[in-house]
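The values are calculated or read from the model by the stated rules, or taken from the named source; none is laboratory data. Keep in mind it's a predicted model, so treat the numbers as computed, not measured. FYI the Cβ positions are ideal-geometry reconstructions off the backbone, even for glycines, and counts take in every protein chain you see. Calculation scope for accessible area: heavy atoms of the full protein, side chains included, ligands and nucleic acids excluded. Shrake-Rupley method; radii C 1.70, N 1.55, O 1.52, S 1.80 Å.
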Amino acid sequence: MSCVSPKLFVISGPSGAGKGTLVARVRERYPELGLTVSATTREPREGEVDGLNYYFLSDDEFARRIAEHQFVEWAEVHGHRYGTLVSEVSSKLASGQSLVLEIDVQGAFQVKERFPEAVLLFIMPPSLDILKERLVSRGSETAESLTLRLANAEREMALADRYDDVVVNDDLERSTKELLDVIKKHERN
Ligand code: 5GP
């Protein structure tokens, strides 16, 4: 019988790579996999719910929580602050299940410093052109934010070789299966 141990998974990838969709699909097939809710200073998008998609905080509130050491990691991404609260990680890890942090590359390396046993997974778009198409069709970004997200995408993709595994999101069904297989593989190690 194989032995399964709960792990801390960090999942990164450029905006528009489909991280959120892939993680949601993996969790449908593996509901025990936990997911942290991050805090951010960016404005909620239409349909986003406070406490469910993010904890939406003011700049002052975010700064107060940094001063009180309430974050496992935090970073400035696309002009806003994003961070993982210690309370999210400790409560969800205590349940004995594996946990996913869907965060940017800067945050990923901070988590790896703090938890060296964390597994870093990178979701790669098939190409920059396809990434741009996806971001434009999502329609959630201003022209300025789109330009910023595309510039950041190239920088993030250049760091993918520092991750433990890379999953290319070229086909939703295939990529979901691969991500789930990769997660199960690490849990068996
Ligand atoms: P979005 O604004 O599209 O929801 O997220 C933008 C970026 O912020 C994504 O790359 C996402 O992974 C990253 N992000 C979301 N939550 C966190 C977090 O808690 N910490 C860090 N470092 N990045 C985050």
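Of everything listed in (1) within 12 Å of the ligand (Cβ to nearest atom); (2) open to solvent by 80 Å² or more (accessible area, probe 1.4 Å), the single unmet condition for D129 is (1). Just so you know, in the stretch 47-91 the residues that are of a type in the set (V, I, T) and touching a residue at least 12 places away in the same chain (Cβ under 8 Å) include one that is surrounded by the fewest Cβ atoms within 10 Å (Cβ to Cβ), and it is I66. Confirm whether P44 is open to solvent by 20 Å² or more (accessible area, probe 1.4 Å) and farther than 30 Å from N189 by Cα. Yes, satisfied.
Taking L8, is it in the same structural domain as E141 (by TED's automatic domain parsing), at pLDDT 95 or above, open to solvent by less than 60 Å² (accessible area, probe 1.4 Å) and touching a helix residue (DSSP H, G or I) at 6+ places or on another chain (Cβ under 6 Å)? No; evaluated as a whole, the condition is false for this residue. Residues that are over 15 Å from K92 (Cβ atoms), in a helix (DSSP H, G or I) and within 11 Å of the ligand (Cβ to nearest atom) within the stretch 16-61 comprise K19, G20, listed in sequence order. For the stretch 122-158, residues that are free of Cβ contacts under 8 Å to residues at least 24 places away in the same chain, within 20 Å of R174 (Cβ to Cβ) and assigned to a loop (DSSP other than H, G, I, E, B) total 1. Which one of A143, A160, A108, A151 is away from the ligand (no atom under 12 Å from the Cβ), among the small types (G, A, S) and surrounded by 14 or more Cβ atoms within 10 Å (Cβ to Cβ)? Of A143, A160, A108, A151, the one residue that is away from the ligand (no atom under 12 Å from the Cβ), among the small types (G, A, S) and surrounded by 14 or more Cβ atoms within 10 Å (Cβ to Cβ) is A160.
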